[in-house]
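Colleague: Can you keep this structure in mind? I'll have questions shortly.
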Amino acid sequence: MNPPFALKGSTDKEYFFVTQALSLMADGKILFSLLPLGALFGARDEKVWRRDELLAKNTLLAVVSLPEELFYPAAQKQVAAIIVKKGIPHPKEQPVFWARIAHDGHLKLKSKRLPAGELRPPRTERDQLPEVLPLLQSFIAHPGTGNVNQPEFCKTMPIDYSDPLLELLPEAYLDTSPLTPEILHRAVDDMARQTAAFLVRFGKEAAAENYR
């Protein structure tokens, strides 16, 4: 399900559509829905919905955050996919499948997102969907079995109910990749280039001011 995104200033919330859809489903059935990220970490009405509706009445099986500007140019909100089993309050110790899809094989070109392989000339762009789908499908078929942990990509872990925000974003649960010499060298090189560019730009401006 892809709820219509609320317009700026509107009092409608996308998660209302999730509640409505679940109310029409039989217990034990599974809902797949997209939601803007704000519904999964907002501190006010969104938190009440997560606590008192989503988790108190249903089981959250998976949350997968999707690439930025997924619907570019039609919608600018970043979204996540949730997979929910209707009618069974979420067991606090049951793991949830968390994943972050940063690349889906598409690139932006002339106000469109197109498959990289269909561009002329064809380009290469990583597609993480084939990487995550087998793991996700296996977990949904047998929730709570097996253990997955790929830093910055996917992980199975119970919800942190001690979190005062009750945040349900994968980024709050995924591990970070360990630092390697190569990563550190790239970071240092990037910082050096940025610093040099800053000094060149503002050094010239400062010199020009002194000659006025």
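Colleague: Any idea how far the Cα center of segment 113-175 sits from the one of segment 42-86, in Å?
Modeller: For segment 113-175 versus segment 42-86, the Cα centre distance is 14 Å.
Colleague: Would you pull out the residues with amide H under 5 Å of residue 61's amide H, same chain only if 5 or more places away, H placed 1.01 Å from N?
Modeller: 83, 84, 85
Colleague: Quote the charge dipole size of segment 14-177 about the Cα centre in Debye, to the nearest 20; the model charges only the Cβ of Lys and Arg (+1) and of Asp and Glu (-1).
Modeller: Details: 19 positive and 20 negative charges, 91 e Å.
That gives a dipole near 440 debye.
Colleague: What is the Rg over Rh value, at two decimals, for segment 14-177, using alpha-carbon atoms and the Kirkwood definition of Rh?
Modeller: Details: Rg = 16.5 Å, Rh = 16.7 Å.
Result for segment 14-177 is an Rg/Rh of 0.99.
Colleague: What are the ³J(HN,Hα) values, in whole Hz, obtained from phi via the Karplus relation 6.51 cos²θ - 1.76 cosθ + 1.60 with θ = phi - 60°, for each residue of segment 87-93 in sequence order, with x given for Gly and Pro?
Modeller: Running phi through 6.51 cos²θ - 1.76 cosθ + 1.60 with θ = phi - 60° gives x, 10, x, 5, x, 4, 8 Hz.
Colleague: Restricting to segment 14-177, compute how many DSSP beta bridges are antiparallel as a %, nearest 5. Mind showing how you got there, number by number?
Modeller: On the way: 24 of 28 bridges.
For segment 14-177, the DSSP antiparallel bridge percentage is about 85.
Colleague: Compute the signed sum of charges (Lys and Arg +1, Asp and Glu -1) over the other residues within less than 11 Å, Cβ to Cβ, of residue 25. Present the calculation step by step, with values, prior to reporting the outcome.
Modeller: Numbers: positive: 29, 85, 86; negative: 27.
My count for the surroundings of residue 25 gives +2.
Colleague: Please report the net charge: other residues with Cβ closer than 12 Å to the Cβ of residue 125, K and R +1, D and E -1. Walk me through the numbers on the way to the answer.
Modeller: On the way: positive: 108, 113, 123, 126; negative: 104, 118, 127.
Summing Lys/Arg as +1 and Asp/Glu as -1 gives +1.
Colleague: How charged is the neighbourhood of residue 78? Take every other residue with its Cβ under 14 Å from the Cβ of residue 78, and add Lys/Arg as +1 and Asp/Glu as -1.
Modeller: Charge balance in the 14 Å sphere: -2.
Colleague: Apply the Karplus parameterisation 6.51 cos²θ - 1.76 cosθ + 1.60, with θ equal to phi minus 60°, to every residue of segment 154-159 and state each ³J(HN,Hα) to the nearest whole Hz, in sequence, with x for glycine and proline.
Modeller: Rounded to whole hertz, the list is 8, 6, 9, 6, x, 5.
Here, each number is a calculation from the coordinates, and none is a lab measurement. Bear in mind the structure is a predicted one, so any value in this text is a computation, not a measurement. Note that each Cβ is placed from the backbone with ideal geometry, even for glycine, and that neighbours are counted across all protein chains shown.
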